[in-house]
1. What's the total number of residues in segment 61-70 that are in a helix (DSSP H, G or I) and touching a helix residue (DSSP H, G or I) at 6+ places or on another chain (Cβ under 7 Å)?
2. Can we say S80 is of a type in the set (S, T, Y), assigned to a loop (DSSP other than H, G, I, E, B) and surrounded by fewer than 19 Cβ atoms within 10 Å (Cβ to Cβ)?
3. So in segment 1-43, with the set limited to residues that are part of a loop (DSSP other than H, G, I, E, B) and without any contact (Cβ under 8 Å) to a residue 24 or more places away in the chain, which one is surrounded by the most Cβ atoms within 10 Å (Cβ to Cβ)?
4. Would segment 56-65 turn up any residue that is of a type in the set (S, T, Y), within 22 Å of M170 (Cβ to Cβ) and assigned by TED's automatic domain parsing to the domain that holds Y22?
5. Does at least one position in segment 190-209 carry a residue that is under 22 Å from K70 (Cβ atoms) and surrounded by fewer than 17 Cβ atoms within 10 Å (Cβ to Cβ)?
6. Here are some conditions: (1) under 26 Å from V40 (Cα atoms); (2) among the charged types (D, E, K, R); (3) at pLDDT 95 or above; (4) in a helix (DSSP H, G or I). D280 meets all but one. Which one does it not meet?
7. How many of the residues making up segment 53-70 are more than 22 Å from N238 (Cβ to Cβ) and crowded, with 16+ Cβ neighbours inside 10 Å?
8. May I ask you to list the residues in segment 234-250 that are surrounded by 20 or more Cβ atoms within 10 Å (Cβ to Cβ) and out of contact with any Pro (no Cβ under 8 Å at 6 or more places or on another chain)?
Amino acid sequence: MTGHEFTLADRIAKIQSINNLYDLENNAYVSFSGGKDSTVLHYLIDEALPGNKIPRVFINTGIEYKLILKFVKEMASKDSRFVIWTVGKNIKETLNKVGYPFKNKEHSQKLYEWKRGNRNKSLLKYFREEPDGFNPCPKILMYQKEPEFKLNVSHRCCIEFKKKPAKEYMKQSGRYITLTGMMKAEGGQRTTLNCIVTDKEGKLKKFHPMAIVSTEWENWYINHKSIQLADLYYPPYNFTRSGCLMCPFSLDLQGQLDTLGQLMPEEKKRAEWLWKDIYDEYRRIGYRLRKEDKEQPSLFD
């Protein structure tokens, strides 16, 4: 047995064990984004629990790539377990109200709290008001803590368009356990990801079967099972991650925008309209986007 085969056997056994303890068949749903990780999870669960009826729930936020939405609809047309849960919120109105994402979730949340007067120790260290801060705010973004910075930044985009709709589905369906394809190997805040997440009473809330697997293993499993991903992951697009359309959190935002400009110009125009306030600021300070890169005309002008 190879190392990859051992990992597969281990993950299958883990899923089966959790199913025996918590009856995933009747109490869980798969958070299906249409991306690489959740697609792999879909097939992994089927291998561990043949014939399962666990719903695959896609939250249709309205911020997805068209190729991702196309892929999900194709999956749903062949498999009745797929549920497309539409958010139905006005995207721009909601973002203007709750705030836009900037840099990453940690920065967006800390800046959101700082602007509302919170001065706890972690915030003071992050914004360099106290020494010895771990991974402090980049110096190029320190100006944002000052009163003169008026751009509405927060971490609430994901809450409004993903977490709240997911809770609505859970309430209506009675399924309280969320299965995700999240992996520690993705880095960032997920490096501390636990395979099992329980509430204060010890009740299972989230199960991340792929938390411990590597990207190398994931790619092996895709080839091993001949898994078809969304077209976004293949030439000429060659995306390594999908997520929301050109989310400002993307580390390779400029490269992805360049790709969109060449291959999906209408998608790029939509992204420029959707994230205009953030993109303008990124370009103004030369952070993640080139200073000289001009905004594209909007489809919605």
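1. Step one: filter segment 61-70 for residues in a helix (DSSP H, G or I), giving 66-70.
Still in the running and touching a helix residue (DSSP H, G or I) at 6+ places or on another chain (Cβ under 7 Å): 66-68.
Result for segment 61-70: 3.
2. Here the answer is yes, as S80 does meet what is asked.
3. Going residue by residue through segment 1-43, those that are part of a loop (DSSP other than H, G, I, E, B) are 1-2, 23, 32-35.
Now drop any that are not without any contact (Cβ under 8 Å) to a residue 24 or more places away in the chain, which leaves 1-2, 23.
Numbers: M1: 8, T2: 8, D23: 11.
Among residues in segment 1-43 that are part of a loop (DSSP other than H, G, I, E, B) and without any contact (Cβ under 8 Å) to a residue 24 or more places away in the chain, the one surrounded by the most Cβ atoms within 10 Å (Cβ to Cβ) is D23.
4. Pass one, segment 56-65, residues of a type in the set (S, T, Y): 61, 65.
Okay, now just the ones that are also within 22 Å of M170 (Cβ to Cβ), so 61.
Within this subset, residues satisfying the condition of being assigned by TED's automatic domain parsing to the domain that holds Y22 are 61.
Yes, segment 56-65 contains at least one residue that is of a type in the set (S, T, Y), within 22 Å of M170 (Cβ to Cβ) and assigned by TED's automatic domain parsing to the domain that holds Y22.
5. So in segment 190-209, the residues under 22 Å from K70 (Cβ atoms) come out as none.
No, segment 190-209 contains no residue that is under 22 Å from K70 (Cβ atoms) and surrounded by fewer than 17 Cβ atoms within 10 Å (Cβ to Cβ).
6. The single condition D280 does not satisfy is (1).
7. If we filter segment 53-70 for residues that are more than 22 Å from N238 (Cβ to Cβ), which is where we start, we get 53-62.
If we keep only those that are crowded, with 16+ Cβ neighbours inside 10 Å too, we end up with 54-62.
Summing the residues that are more than 22 Å from N238 (Cβ to Cβ) and crowded, with 16+ Cβ neighbours inside 10 Å in segment 53-70 gives 9.
8. Those that are surrounded by 20 or more Cβ atoms within 10 Å (Cβ to Cβ) and out of contact with any Pro (no Cβ under 8 Å at 6 or more places or on another chain): F239, S242, C244, L245, M246.
The values are calculated or read from the model by the stated rules, or taken from the named source; none is laboratory data. All values reported here derive from a predicted model rather than from experimental measurement. Cβ sites come from the backbone with ideal geometry, for glycine too, and all protein chains shown count toward neighbours.
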